[in-house]
Amino acid sequence: MCGIVGYAGSREASDVLLGALSGLEYRGYDSAGISVLTENGIDTVKSKGRLQALADRLKTHPLSGHCGIGHTRWATHGEPSDLNAHPHVTEKLSLVHNGIIENYQQIKNKLVTSGYEFVSRTDTEVAAKLIDSLYSGDPVDTIRRAQEQLEGSYAFAILFADHPGTIYATRKGSPLIAAKTETEGFIASDVPAILQYTRTYVLLEELQIAAVSADGISLFNPDGSQPVLEYRTASWTVEQAQKGGYPHFMLKEIYEQPKALRDTVHPRISDGLPSFELQDDIPEGFWKQFEAVTIVACGTAMHAGMLGKALIEKLARIPVECDIASEFRYRDPILTPRTLVLLISQSGETADTLAALRLAKERGITTLAVVNVTGSSIAREADYVIHTYAGPEIAVASTKAYSVQLSVMYLIAFKLALANRRISGEEAQNLTAGLLHAIDATEQVLTLGADIQEYIKRYQTLKDLFFLGRGLDYALSMEGSLKLKEISYIHCEAYAAGELKHGTISLITEGVPVVAVATQSALLPKMISNVKEVHSRGADILLICKDGFEVDPDVYSKCIRLPALDDLFMPVIGVLVLQLLAYHTAVLRGCDVDKPRNLAKSVTVE
Ligand code: F6R
């Protein structure tokens, strides 16, 4: 999604801004631009395409000055183009924007009546011209008056031509930070933008306005008061946010999973049992109060939630709903005072998940968020938070974040089962040991890459593929399917294996590839019957199963065997194979693995 940066200091602003924007490239974008306050006023360079295209343009049109703003745009209103790229400029100011202005058309109509002309198709140009029309010479006062008219979500960074050396910024529903060194000030929509320059930053609260210069940061509350600045230190390092010798961030992040899992799980084990008391400040009594759980998330995080549902229902015998956040928020969900709303999000900024959290809170329901990014909106607004420790996830396709989310689902399921007296302390200890054992086994599974690479050569020109699974393997297959389709552009569908014959089996013809995930001992005979159904219609089957399972070799073209763990823990290792499958297929097909087309890392619009 879009990225914002701003700089005020003594260096050439365009160099710093380009560097900062490169730290945000992973978020996904289709155009970029920079404005700098030069000797001759605000000057702007924009370009459709990657940052390199902008850097090339800056060679022929250099921007010299020490204060500026920059942006990477992920198109919402208006196609990716030079014209629609940010910044949007008027005589008085230049503005970059993340988010969506929902009432832009009404504001635009009024501005047109009063003589403004529009060149782009963006809602952002409307915001720039609204602020221009309201400008009184006092940026903070003007921004506040603009806020009264703007509906929707926004983070803005603004350069005013008559206020050299200062960047103004504000936010509503879209994240923004202000950062500093002794002699420089920065604005950014996300921590990786500033990591190469500083690790000291403050988070802007909703509707706060920041004025950032080389001398430091000033914040203004909506009532005009100035809060004491609460500085944070980014715990993520520059190295973590770099490829470290791997060809892609995605592969690096796949290989980081054993560590990410240990970092997340180990601090939450005490006396061999799960405990969220010390690490997350969640009292023991917390877990006893719920008679239902509703898990809300999007995409990959929702797939972790689907496994969470299966685990909690199986172990704790508490009914769990798992809902897509964008559906949950508009379906008037049934939530009782004893429902726990459990939100899962890597970024902590996904607009629909954040809105779902707010809806639950408005109804007085207890909310618990599982979030990877500290200080993100969801982490700050939820009643309780379990932080996952995956470190920065840069590749657009989520891998290590999914695994750590899943590991937390196991711990929560054990905890709820204990609290509800569905399992004894000893059983909980055994389960916890089982999880740790599964985490150890991930190292072994990561060695299967070469085997997978060899097999998937046949997927070079593939158009469609089906995943089949039952029980936990079905939920896992959904994640495998999403991963493969989002980065390799192969159309994939995941089916509950028993459901295929109710319609979709008509698509299975000679040579259609099927990935059959069969790691559940109890479901193996049923699963193999389903595999045979597609095999006898010509499917080309890649079977992923547990070591020791006896399967007629005639029914598959290739079998990948996973370490034989207890059924319950097979998803912990099974997902690694599916991630490797997606990764190597995308590389084989020459896809831009880390930045798949049309996708954004953090989806901050509905
Ligand atoms: C897919 C992927 C997305 C995210 C989804 C939610 O690989 O990354 O499906 O899982 O956009 O994002 P978060 O977890 O940041 O709320």
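The values are calculated or read from the model by the stated rules, or taken from the named source; none is laboratory data. This is a predicted model, so every value here is computed, not measured. So basically every Cβ, Gly included, is an ideal-geometry build from the backbone, and we count neighbours across all protein chains shown.
Assorted remarks:
- Hits in segment 273-298 - residues which are touching a strand residue (DSSP E or B) at 6+ places or on another chain (Cβ under 8 Å) and of a type in the set (A, V, I, L, M): LEU278, ILE282, ALA292, VAL293, ILE295, VAL296, ALA297
- With respect to the conditions (1) in contact with a Gly (Cβ under 9 Å, 6 or more places away or on another chain); (2) not assigned by TED's automatic domain parsing to the domain that holds VAL373, GLU256 falls short on a single one, namely (2).
- When THR300 is tested against (1) touching a helix residue (DSSP H, G or I) at 6+ places or on another chain (Cβ under 6 Å); (2) more than 16 Å from the ligand (Cβ to nearest atom), exactly one condition is not met: (2).
- Which listed residue, of CYS298, CYS322, is touching a residue at least 12 places away in the same chain (Cβ under 8 Å) and farther than 30 Å from GLN240 by Cβ: CYS322
- Number of the exception - THR142 against (1) β-branched (Val, Ile, Thr); (2) surrounded by 24 or more Cβ atoms within 10 Å (Cβ to Cβ); (3) without any contact (Cβ under 8 Å) to a residue 24 or more places away in the chain: (2)
- Just so you know, in segment 372-394 the residues that are hydroxyl-bearing (Ser, Thr, Tyr) and either under 16 Å from LEU435 (Cβ atoms) or outside the structural domain of VAL265 (by TED's automatic domain parsing) (or both) include one that is farthest from the ligand (Cβ to nearest atom), and it is TYR389.
- Remark: pairs (first residue in segment 415-439, closer than 20 Å to PHE290 by Cβ; second residue of a type in the set (D, E, K, R) and surrounded by fewer than 18 Cβ atoms within 10 Å (Cβ to Cβ); Cβ separation under 7 Å; 6+ apart in sequence or on different chains) = ALA419/LYS288; ASN420/ARG317; ARG422/ARG317.
- Whichever residue in segment 1-58 is over 25 Å from the mean Cα position of the chain (by Cα) and assigned to a loop (DSSP other than H, G, I, E, B) and, among such residues, is surrounded by the most Cβ atoms within 10 Å (Cβ to Cβ): GLY9
- Within segment 349-376, the residues that satisfy the criterion of being of a type in the set (Lys, Arg) and in a helix (DSSP H, G or I) are ARG358, LYS361.
- Residue match in segment 83-103 (condition: assigned to a helix (DSSP H, G or I), assigned by TED's automatic domain parsing to the domain that holds VAL16 and not aromatic (Phe, Trp, Tyr)): no
- Qualifying residue in segment 395-408 (condition: in contact with a strand residue (DSSP E or B) (Cβ under 8 Å, 6 or more places away or on another chain), under 21 Å from MET306 (Cα atoms), part of a helix (DSSP H, G or I) and within 15 Å of the ligand (Cβ to nearest atom)): yes
- Residue ID - modelled with the lowest pLDDT, chosen from residues in segment 481-504 that are closer than 26 Å to ASP567 by Cβ and among the hydrophobic types (A, V, I, L, M, F, W, C): LEU500
- Of the candidates ALA351, ALA369, the single residue that is over 30 Å from CYS591 (Cα atoms), touching a Ser or Thr at 6+ places or on another chain (Cβ under 9 Å), within 13 Å of the ligand (Cβ to nearest atom) and not charged (D, E, K, R) is ALA369.
- Of all the residues in segment 155-176, those that are of a type in the set (Val, Ile, Thr) and at pLDDT below 95 number 0.
- Segment 244-262 residues that are small (Gly, Ala, Ser), paired with ones that are assigned to a helix (DSSP H, G or I) and buried (at least 21 other Cβ atoms within 10 Å of the Cβ) (beta carbon under 9 Å, 6 or more apart): ALA260/GLU253; ALA260/LYS400; ALA260/ALA401; ALA260/SER403; ALA260/VAL404; ALA260/SER407
- Count - residues of segment 476-523 that are surrounded by fewer than 24 Cβ atoms within 10 Å (Cβ to Cβ), within 16 Å of the ligand (Cβ to nearest atom) and either part of a helix (DSSP H, G or I) or not assigned by TED's automatic domain parsing to the domain that holds GLY538 (or both): 4
- Selection of helices (runs of 4 or more DSSP H) fully inside segment 231-348 by the criterion of at least 2 residues being buried (at least 19 other Cβ atoms within 10 Å of the Cβ) returns 249-255, 257-265, 299-316, 325-328.
- Verdict on ALA360 being small (Gly, Ala, Ser), touching a strand residue (DSSP E or B) at 6+ places or on another chain (Cβ under 7 Å) and within 14 Å of the ligand (Cβ to nearest atom): no
- THR388 over 17 Å from the mean Cα position of the chain (by Cα) and within 21 Å of PRO283 (Cβ to Cβ): no
- Tally of residues being under 18 Å from the mean Cα position of the chain (by Cα) and within 20 Å of LEU406 (Cβ to Cβ) across segment 334-350: 8
- Residue check for ASP123: modelled with pLDDT of 95 or more and either outside the structural domain of LYS46 (by TED's automatic domain parsing) or in contact with an Asp or Glu (Cβ under 9 Å, 6 or more places away or on another chain) (or both): no
- Unique residue being under 16 Å from the mean Cα position of the chain (by Cα) and outside the structural domain of VAL191 (by TED's automatic domain parsing) when the list is THR353, THR366: THR353
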